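K.L.:
Take a look at this one; I'll ask things after.
Rule-based calculations on the coordinates, nothing more; no lab input. Model, not experiment: these values are computed from the prediction. With ideal geometry, Cβ positions are generated from the backbone for all residues, glycine too; neighbour counts draw on all protein chains shown.
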Amino acid sequence: MNNILVVGSVAYDTIETPVQKKEFILGGSANYFSLSSSLLVPVRVVGVVGDDYKSSDLEMLKERNIDLAGLQSVPGKTFHWVGKYEDAMNEAITLETHLNVFEQFNPQLPEQYTSSDIVFLANIDPELQLKVLEQVESPKLIGADTMNFWIQSKKDKLLDMIAKIDILTINETEARMLTGEFNINLAIQKMAQMGPKYVIVKRGEYGFIAYDKASDEMFVMPAFPVQTIVDPTGAGDTFAGGLFSYLSCLNEWTFNDIKRACIHGSVVASYTVEGMGVEKVKDIQLSDIQSRTTDYLKIIQVGNHAKAIEEVTSKSAHS
Ligand code: AMP
């Protein structure tokens, strides 16, 4: 099994949704990613926290098999994001971003992390993503994510980073913002031209599109139809955690593996949105994933469609 290293934000979030409001709850792209991927594999985290980071949060993460040797603790305040969601909760509205200790962060990988097999550059300053990537000797697979904040403030560095990766995960609005292309199919083509072999576009309640540059093929799935969405924060990062942890269990990767890994990621993400912050995702078990995956696959099963369409057309007035 391949090991995974993730760098990303480690945060306290203040979140308001139509259902609930919570202040200073555990969040951050690296935390969501690692809680999700640790269901399948141990994961190494690179990031920084301030002296306000609670020891109970550290304990909870360690109990979930998350290696925190690469998490620096420095004087100051932990990254703080304030956001809200309206109506169908498809889009996060950022109200405040306080980088705090991330502003001065200079990632230094512990020696044992430099031989990591899989690297995921979760949403954070692309300069930090690049600094981490430079320190990993020969990763077999590199993935990354980003968001509007970095597309607007550090586009050049972001493009340098995207040129070096194998798989880009990005949400639909940000894909349009990054490429300047409203048509999502064209946006995907443009992102693939920036470097990655695979582009995965996350579409909230509408699921995801996975694209394979080599075969020019697409795969599209709706999201698992969750009945009660409480807070979508972290859905994208837990999707990525599921995707990359699934891939870490394999030694080579075909587009079919990517599709299956995305299905796994989608199922993990469907639990994340059912609770505030990490409340749900921190407690899920693999057995939960297995049973929901069975239900999820039912929504795209149509039996032998080729045979069915043949029967229907043979009965039609034109045949
Ligand atoms: P998502 O999976 O896209 O919902 O990501 C949610 C997490 O992103 C939240 O827990 C935030 O702490 C984190 N976040 C918000 N803005 C930023 C940013 N500019 N850079 C890095 N992480 C961020």
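K.L.:
Inside the range 148-162, can you point out the residues that are more than 17 Å from Val132 (Cα to Cα), within 13 Å of the ligand (Cβ to nearest atom) and not aromatic (Phe, Trp, Tyr)?
P.N.:
Selection gives Asn148, Ile151, Gln152, Ser153.
K.L.:
Confirm whether Ser38 is over 18 Å from Tyr271 (Cβ atoms), small (Gly, Ala, Ser) and out of contact with any Pro (no Cβ under 8 Å at 6 or more places or on another chain).
P.N.:
No; evaluated as a whole, the condition is false for this residue.
K.L.:
Okay, moving on. Given Glu181, Glu103, which one is within 16 Å of the ligand (Cβ to nearest atom) and over 24 Å from Leu35 (Cα atoms)?
P.N.:
The conditions single out Glu103.
Table: residues versus (1) within 11 Å of the ligand (Cβ to nearest atom); (2) free of Cβ contacts under 8 Å to residues at least 60 places away in the same chain; (3) surrounded by 15 or more Cβ atoms within 10 Å (Cβ to Cβ); (4) over 21 Å from Val281 (Cα atoms).
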position: Val6; (1), (2), (3), (4): no, no, yes, no
position: Ala11; (1), (2), (3), (4): yes, no, yes, no
position: Val41; (1), (2), (3), (4): no, no, yes, no
position: Asp87; (1), (2), (3), (4): no, no, no, yes
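K.L.:
Moving on. Quick check on the range 189-197. Is at least one of its residues in a helix (DSSP H, G or I), in contact with a Gly (Cβ under 6 Å, 6 or more places away or on another chain) and surrounded by 19 or more Cβ atoms within 10 Å (Cβ to Cβ)?
P.N.:
Checking the range 189-197: not a single residue is in a helix (DSSP H, G or I), in contact with a Gly (Cβ under 6 Å, 6 or more places away or on another chain) and surrounded by 19 or more Cβ atoms within 10 Å (Cβ to Cβ).
K.L.:
Pull out all pairs, ordered by first then second residue, where Cβ-Cβ is under 6 Å, the residues are six or more apart or on different chains, the first lies in the range 279-297 and is more than 15 Å from Ser266 (Cα to Cα), and the second is not hydroxyl-bearing (Ser, Thr, Tyr) and not in a loop (DSSP other than H, G, I, E, B).
P.N.:
Lys282/Leu35
K.L.:
What number of residues within the range 113-156 are of a type in the set (A, V, I, L, M) and in a helix (DSSP H, G or I)?
P.N.:
5
K.L.:
Oh, and also: Which number in (1) more than 23 Å from Gln129 (Cα to Cα); (2) within 13 Å of the ligand (Cβ to nearest atom) marks the one condition that Val48 misses?
P.N.:
For Val48, the failing item is (1).
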